[in-house]
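A.B. asks: Sharing a structure below in structure tokens format, with a few things to ask.
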Amino acid sequence: MPRVDTLERLLSACGHTLDARPQTPPVDPHDWSLVEQNLRLTPRERLEKLRAWAAFTSKLREAGERSREK
């Protein structure tokens, strides 16, 4: 494995630089909107949403299994 200084020299030879500072990933506002949407639900509504999702994934899994049997 090359050392950092070796990597810096190689990048420099190609006209690039190494920035080894930690970067904060950009926040996806879509993710937060889903969180906010779910927080507006009552606990009962959240549980019903979870049950519906579980039923959907179960049907999807069964459909996949049936398609592989053919």
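A.B. asks: With respect to Pro22, determine if the residue is open to solvent by 100 Å² or more (accessible area, probe 1.4 Å) and free of Cβ contacts under 8 Å to residues at least 40 places away in the same chain.
C.D. replies: yes
A.B. asks: So which residues in the range 38-55 are of a type outside the set (Asp, Glu) and either at pLDDT below 85 or open to solvent by 90 Å² or more (accessible area, probe 1.4 Å) (or both)?
C.D. replies: Scanning the range 38-55 gives Leu39, Arg40, Pro43, Arg44, Arg46, Lys49, Leu50, Arg51, Trp53.
A.B. asks: Take Lys59 and tell me if it is at pLDDT below 95 and open to solvent by 90 Å² or more (accessible area, probe 1.4 Å). Can you show your working first?
C.D. replies: Numbers: at pLDDT below 95: no; open to solvent by 90 Å² or more (accessible area, probe 1.4 Å): yes.
When the stated conditions are applied, Lys59 does not pass them.
A.B. asks: Out of Val35, Val27, which single residue is open to solvent by less than 80 Å² (accessible area, probe 1.4 Å), among the β-branched types (Val, Ile, Thr) and at pLDDT below 95?
C.D. replies: Val35
A.B. asks: While we're looking at this one, here's another question. What number of residues within the range 1-19 are open to solvent by 100 Å² or more (accessible area, probe 1.4 Å) and not in a helix (DSSP H, G or I)?
C.D. replies: 4
The values are calculated or read from the model by the stated rules, or taken from the named source; none is laboratory data. Everything quoted here is computed from the prediction, not taken from an experiment. All Cβ positions, even for glycine, are placed from backbone atoms using ideal geometry, and neighbour counts span all protein chains on display. What goes into the accessible areas is simple: the full protein's heavy atoms, side chains included, and nothing from ligands, DNA or RNA. Shrake-Rupley method; radii C 1.70, N 1.55, O 1.52, S 1.80 Å.
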